Each structure stands twice: as structure tokens, then as C-alpha cells.
């Protein structure tokens, strides 16, 4: 199925690493059409259907919105999605050639699940927006997330809402800078900034979205009666950003995954040379 017009976000080709860099710097996000083909979409959905819940997946009893964490560690199959040609080159240019993944999550959202909640994933430095808008300060990309949409997304099927350019607000939605200096996951009911209002991202199965952590965005409810949204997320961080691999102190890498990973994939999984602080 072809979804509605979606080009309010800059579209770039998967291997256009320069376009990826420019999009994240200017708008905080880029849309990547046809990131994976239809056969790969079907394959990925089937793999998600085979996942089992772990205690640390944060799925409460009777919770029906399936959320699977540390998917990269479940099977070598998932390695191919952490360093996709072109995209990883853009990510490394933005975040350093020693960046790594900080997580990978899969979602399966059935009818009736979800809500609209605007937020940022992480804010390293609250700042006056004028400093960012006039270019006096250019914030590095500390965190980013790559979405693989595995369902055709219309306005009823949990679209991602996003406010392009809002990473230059210097704050989270609903949080005035002078009143709040928190820097973690923050959100509120504010859905527009600098004259730009949040809009739903209507995409086709196989499309991707790459965005930085400071851009205002949010999921939404599955208002359908018979469709489930499938989504894979890969989260990236700079070398100095901690990896988020629950159950943390008890986390152990899957030997099968490590044995089949390339050198680049091993680095993305966390194999770094000794440096400052360890």
C-alpha cells in the first residue's frame, strides 16, 4: 500500500551519507525511503514474532504492547541492521568513528495500544535557542535513533509525530529553559516550536527514519481494529555515552553473535581500545 504524502521531512537515499549529516544538523531528522525491501520486511517481522520476552524487557504482566530490548544479542541475524551501508557512514561522521550502539528494541503494537506523548530522548545541554538558531553554537550529535518501519503507517496505525528543527529549541517540549535544567528523557503537551507544528510521519513498510535525541517527537495510538504495527529501533551513542544493555550488571554477550560479527560490528557492540577513563 502507498501511504499519503510524507515529504515534510527531508528525504535522502540510504547511501547519501552527506545528505544524512546535513539533515540531522539542519532538521534533526531524515527520512530514508526503501531502507529495506518488502521481502526483508516480511523476514524481519517473522523474526520479531519468534522473539520471547526477557524479564528486563519492561513488559508488565498483561501488557499487550510487546517491547523487546537488546534484540542485537538474541541472534546474529540482527547484526546486519546496526551498520547498514551509507547510513552508518553518516552516523560515524556525525558521532565519531568510535561511536557504538547503545541499544536495539523491537516493538509489536496491536490495536488499541499507545498514546501521543511528545518528548525528547535525551538533552545533554539545555540552551537558549537563539544560540542554536544563529549558528553561534553547533551541538554535536550525542545520541541518535534509526527506525525501521515494518508496517505501512497511516494516521490510524501509530504514526510517529515529529517537529523538524526542534532540536534547536535547546529544551524539551513543555519545559521552560529557565525553570528546568534536567537533561534526561523529558516530555510534555507542547506540539509545535518556532512556527512548526508536529505532523504524523506516514510511511511505507521498509522506510526508515534517523533522528537525533533532541528533536521533539512522539508515538501515537493504534486506532485500527485489525492491524499491528511492527518497528525496529537501533540506538547509537558517542564513545563517551554509556551503552544501555539490561539487565546491566548481569548482561552477557551472546557468543554466537560475537563470533559472527565483523570488526566494525564488534566495535559498534562495544569492543573499544583502552582510552581515557578505561
Looking at segment 8-40, which of its residues are part of a helix (DSSP H, G or I) and touching a strand residue (DSSP E or B) at 6+ places or on another chain (Cβ under 8 Å)? 19, 20, 23, 24
In segment 41-87, residues that are modelled with pLDDT under 95, in a loop (DSSP other than H, G, I, E, B), over 22 Å from residue 100 (Cβ atoms) and in contact with a strand residue (DSSP E or B) (Cβ under 8 Å, 6 or more places away or on another chain) total 3
For residue 270, the lone unmet condition from (1) at negative phi; (2) under 21 Å from the mean Cα position of the chain (by Cα) is (1)
Report, by residue number, each residue of segment 226-248 that is surrounded by 15 or more Cβ atoms within 10 Å (Cβ to Cβ), farther than 16 Å from residue 152 by Cα and in contact with a helix residue (DSSP H, G or I) (Cβ under 8 Å, 6 or more places away or on another chain). 234, 236, 237, 238, 245, 246
Taking first residues from segment 8-25 that are touching a residue at least 40 places away in the same chain (Cβ under 8 Å) and at positive phi and second residues anywhere that are surrounded by fewer than 18 Cβ atoms within 10 Å (Cβ to Cβ) and outside any loop (DSSP other than H, G, I, E, B), the pairs with Cβ under 9 Å that are 6 or more apart or on different chains are none
Residue satisfying all of: in segment 204-216; within 18 Å of residue 234 (Cα to Cα) and part of a loop (DSSP other than H, G, I, E, B); nearest to the chain's Cα centre (by Cα) among these: 213
When you scan segment 123-130, do you find a residue that is surrounded by fewer than 21 Cβ atoms within 10 Å (Cβ to Cβ) and in a helix (DSSP H, G or I), even just one? yes
Considering only residues that are assigned to a helix (DSSP H, G or I) and touching a residue at least 12 places away in the same chain (Cβ under 8 Å), look in segment 260-278 and name the one that is surrounded by the most Cβ atoms within 10 Å (Cβ to Cβ). 268
Answer yes if at least one residue in segment 95-112 is touching a strand residue (DSSP E or B) at 6+ places or on another chain (Cβ under 9 Å), part of a helix (DSSP H, G or I), within 30 Å of residue 247 (Cβ to Cβ) and at pLDDT 95 or above, and no otherwise. yes
Could you tell me whether segment 98-119 includes any residue that is free of Cβ contacts under 8 Å to residues at least 12 places away in the same chain and either surrounded by fewer than 18 Cβ atoms within 10 Å (Cβ to Cβ) or closer than 15 Å to residue 157 by Cα (or both)? no
Search segment 68-82 for residues that are more than 12 Å from residue 261 (Cα to Cα) and pair each with any residue that is in a helix (DSSP H, G or I) when their beta-carbon atoms are under 7 Å apart and the residues are at least 6 apart or on different chains. 68/57; 69/56; 69/57; 71/78
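The values are calculated or read from the model by the stated rules, or taken from the named source; none is laboratory data. Source: prediction; values computed, not measured. FYI the Cβ positions are ideal-geometry reconstructions off the backbone, even for glycines, and counts take in every protein chain you see.
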